[in-house]
1. Could you list, in sequence order, all residues of the stretch 24-75 that are touching a Gly at 6+ places or on another chain (Cβ under 7 Å), modelled with pLDDT of 95 or more and assigned to a loop (DSSP other than H, G, I, E, B)?
2. So, in the stretch 76-101, how many residues would count as being surrounded by 12 or more Cβ atoms within 10 Å (Cβ to Cβ) and either in contact with a Ser or Thr (Cβ under 8 Å, 6 or more places away or on another chain) or modelled with pLDDT of 95 or more (or both)?
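The values are calculated or read from the model by the stated rules, or taken from the named source; none is laboratory data. Nothing here was measured: the structure is a model prediction, and the numbers come from that model. Note: ideal-geometry Cβ built from the backbone for every residue, glycine included; neighbour counts use all protein chains shown.
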Amino acid sequence: MKRIMIAGVAAAGLAGCATTGGAPDQAAAAPEPAMTCRAETAQGHIGHAATQAMGTAILKDSGARTLRWGPPNSAWTMDFREDRVNVRYDEAMKITEITCG
(Lines give C-alpha, C1' and ligand atoms only; values in the text may rest on other atoms or scores of the structure.)
Protein backbone atom coordinates (compact mmCIF):
# COMPACT_ATOMS: atom_id res chain seq x y z
CA MET A 1 0.00 0.00 0.00
CA LYS A 2 2.87 2.38 0.80
CA ARG A 3 4.41 1.80 -2.66
CA ILE A 4 1.16 2.75 -4.36
CA MET A 5 0.92 5.96 -2.31
CA ILE A 6 4.53 6.90 -3.02
CA ALA A 7 4.08 6.25 -6.75
CA GLY A 8 0.90 8.33 -6.76
CA VAL A 9 2.60 11.26 -5.03
CA ALA A 10 5.56 11.07 -7.45
CA ALA A 11 3.24 10.98 -10.48
CA ALA A 12 1.27 13.94 -9.19
CA GLY A 13 4.49 15.93 -8.78
CA LEU A 14 5.59 15.18 -12.34
CA ALA A 15 2.18 16.09 -13.77
CA GLY A 16 3.02 19.75 -13.16
CA CYS A 17 5.95 19.42 -15.59
CA ALA A 18 3.77 18.24 -18.49
CA THR A 19 3.20 20.54 -21.44
CA THR A 20 0.33 20.68 -23.87
CA GLY A 21 2.63 20.74 -26.87
CA GLY A 22 0.79 23.76 -28.27
CA ALA A 23 2.18 27.06 -29.46
CA PRO A 24 3.86 29.31 -26.89
CA ASP A 25 1.66 31.81 -25.11
CA GLN A 26 1.31 34.76 -27.46
CA ALA A 27 0.09 37.00 -24.63
CA ALA A 28 3.44 36.83 -22.81
CA ALA A 29 4.94 40.28 -22.42
CA ALA A 30 8.13 41.04 -24.28
CA PRO A 31 11.11 41.72 -22.01
CA GLU A 32 11.83 45.35 -21.25
CA PRO A 33 14.64 46.84 -23.33
CA ALA A 34 17.95 46.87 -21.48
CA MET A 35 18.91 50.21 -20.00
CA THR A 36 22.65 50.69 -20.21
CA CYS A 37 24.47 53.08 -17.91
CA ARG A 38 26.54 55.89 -19.48
CA ALA A 39 28.54 57.44 -16.65
CA GLU A 40 30.24 59.98 -18.90
CA THR A 41 26.95 61.83 -19.36
CA ALA A 42 26.57 62.30 -15.58
CA GLN A 43 30.08 63.52 -14.70
CA GLY A 44 28.83 67.10 -14.32
CA HIS A 45 27.28 66.09 -10.98
CA ILE A 46 30.65 65.47 -9.32
CA GLY A 47 31.13 67.98 -6.53
CA HIS A 48 27.40 68.41 -5.92
CA ALA A 49 25.63 67.35 -2.72
CA ALA A 50 24.64 63.67 -2.48
CA THR A 51 20.87 64.07 -2.17
CA GLN A 52 17.85 62.15 -3.37
CA ALA A 53 17.16 64.82 -5.98
CA MET A 54 20.75 64.59 -7.24
CA GLY A 55 20.46 60.79 -7.40
CA THR A 56 17.34 61.14 -9.53
CA ALA A 57 19.15 63.54 -11.86
CA ILE A 58 22.13 61.17 -12.13
CA LEU A 59 19.84 58.27 -12.99
CA LYS A 60 18.17 60.33 -15.71
CA ASP A 61 21.42 61.67 -17.16
CA SER A 62 23.21 58.30 -17.11
CA GLY A 63 20.30 56.31 -18.53
CA ALA A 64 20.76 53.70 -15.79
CA ARG A 65 17.90 51.72 -14.27
CA THR A 66 19.28 51.62 -10.72
CA LEU A 67 21.56 53.73 -8.54
CA ARG A 68 23.97 52.53 -5.86
CA TRP A 69 25.30 55.05 -3.32
CA GLY A 70 28.86 54.52 -2.02
CA PRO A 71 29.33 56.05 1.43
CA PRO A 72 32.82 57.20 2.50
CA ASN A 73 35.31 54.49 3.48
CA SER A 74 33.00 51.67 2.48
CA ALA A 75 33.34 48.63 0.26
CA TRP A 76 30.76 47.18 -2.06
CA THR A 77 30.38 44.02 -4.06
CA MET A 78 32.14 43.72 -7.38
CA ASP A 79 29.15 42.30 -9.25
CA PHE A 80 28.80 44.12 -12.55
CA ARG A 81 25.42 45.36 -13.74
CA GLU A 82 25.36 47.34 -16.97
CA ASP A 83 22.11 49.01 -15.92
CA ARG A 84 23.47 50.46 -12.63
CA VAL A 85 25.19 53.75 -11.89
CA ASN A 86 27.46 53.94 -8.83
CA VAL A 87 27.84 57.22 -6.97
CA ARG A 88 30.51 57.63 -4.30
CA TYR A 89 30.49 60.55 -1.90
CA ASP A 90 32.75 61.85 0.87
CA GLU A 91 32.26 62.75 4.54
CA ALA A 92 30.93 66.17 3.53
CA MET A 93 28.20 64.44 1.42
CA LYS A 94 29.79 65.70 -1.81
CA ILE A 95 29.82 63.40 -4.84
CA THR A 96 33.38 62.31 -5.66
CA GLU A 97 32.95 59.64 -8.35
CA ILE A 98 30.31 58.40 -10.80
CA THR A 99 30.84 55.05 -12.52
CA CYS A 100 28.77 52.28 -14.03
CA GLY A 101 28.58 48.67 -12.98
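1. Cys37, Arg38
2. Residues flagged as surrounded by 12 or more Cβ atoms within 10 Å (Cβ to Cβ) and either in contact with a Ser or Thr (Cβ under 8 Å, 6 or more places away or on another chain) or modelled with pLDDT of 95 or more (or both) within the stretch 76-101 amount to 18.
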